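What follows draws every value from the coordinates through simple rules; no lab data is involved. Just so we're clear, the structure is a prediction, and the values are computed from it rather than from any experiment. Cβ atoms come from the backbone with ideal geometry, glycine included; neighbour counts cover every protein chain shown.
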Amino acid sequence: ETGVTQTPRHLVMGMTNKKSLKCEQHLGHNAMYWYKQSAKKPLELMFVYNFKEQTENNSVPSRFSPECPNSSHLFLHLHTLQPEDSALYLCASSRSTGGGTGELFFGEGSRLTVL
Amino acid sequence: GESVGLHLPTLSVQEGDNSIINCAYSNSASDYFIWYKQESGKGPQFIIDIRSNMDKRQGQRVTVLLNKTVKHLSLQIAATQPGDSAVYFCAENTGNQFYFGTGTSLTVIP
């Protein structure tokens, strides 16, 4: 059982839909991340939360809206997405965001397809 | 921005042979490096890490080598097995951020 759980694993939505991705970590970590993984591209950092506070927004369009109610849960709210937003969205956690705090633990990802 | 690249996008090896996957990084201030393995349909899994005060670190069947002079990182897998078939990518940590390479797809030929 992974320490980072993502739901749903697969999501198909139209451009006018509103949906949410959920991430939960059971590792007692304080930092959580959203990454976008597209084919043949490096992982793209989207958002970082440390102790529930957003510390990084990597110029992500406003149609992606993160929410971090506590250190164990992270959401990504999706609204009026574009087909080019189709990708694997990975959630990760780490002990903290400070340098050298150890590796990122990833969930299995949510495969998003925007029609 | 950061540039973390892999020398080869694909690598095929015979089962039982050793595999070497390479990675170049650009930021000499990076102080922590990780290799991840990603199997099809799954999230990245930690394999091994190394800090910048080390040149070599060994795990079970895997060794990571760090050459800070040329900003090069490599992952060696001994006695490669079919279960090692996956995409491998490196990550470097600078400050509060991780930067990832695009990945090398390793195929193990039985």
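Here are the numbers for the structure shown:
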{"quantity": "Centroid-to-centroid separation of the stretch A:1-71 and the stretch B:13-89 [C-alpha atoms, Å]", "calculated": "25"}
{"quantity": "For the protein assembly as shown, the fraction of alpha-carbon pairs in successive 10 Å shells from zero, as %", "calculated": "8, 33, 35, 19, 5, 0"}
{"quantity": "Extreme residue, positive dipole direction of chain B, given options B:87, B:104, B:36 (C-beta unit charges)", "calculated": "B:36"}
{"quantity": "Neighbourhood net charge (13 Å Cβ-Cβ; Lys/Arg +1, Asp/Glu -1) for residue A:38", "calculated": "+1"}
{"quantity": "Distance between modelled label sites at residue B:10 and residue A:17, nm, 7 Å Cα→Cβ extension", "calculated": "3.3"}
{"quantity": "GluC sites (Glu not before Pro) within the stretch B:11-110, DSSP loop, no more than 10 other Cβ atoms inside 10 Å", "calculated": "none"}
{"quantity": "Residues B:48, B:34, sorted so that the one with the fewest Cβ neighbours within 10 Å comes first", "calculated": "B:48, B:34"}
{"quantity": "Net charge of Cβ neighbours under 11 Å - reference residue B:23; Lys, Arg +1; Asp, Glu -1", "calculated": "0"}
{"quantity": "Whole-number D in µm² s⁻¹ for the stretch B:1-106, Kirkwood Cα-pair radius fed into Stokes-Einstein, 10 °C, 1.306 mPa s", "calculated": "116"}
{"quantity": "About the Cα centre, charge dipole magnitude for chain B (Lys/Arg +1, Asp/Glu -1 at Cβ), debye", "calculated": "160"}
{"quantity": "Within chain A: Cβ-based charge dipole about Cα centre, in debye rounded to nearest 20 (Lys, Arg +1; Asp, Glu -1)", "calculated": "260"}
{"quantity": "Neighbourhood charge, 13 Å Cβ-Cβ cut-off, centred on residue A:115 and excluding it, Lys, Arg +1 and Asp, Glu -1", "calculated": "-1"}
{"quantity": "Alpha carbon convex hull of chain A, projected area averaged over orientations, nm²", "calculated": "6.8"}
{"quantity": "Calculated FRET efficiency for the pair residue B:45/residue B:18, C-beta based, R₀ 30 Å, to 0.05", "calculated": "0.90"}
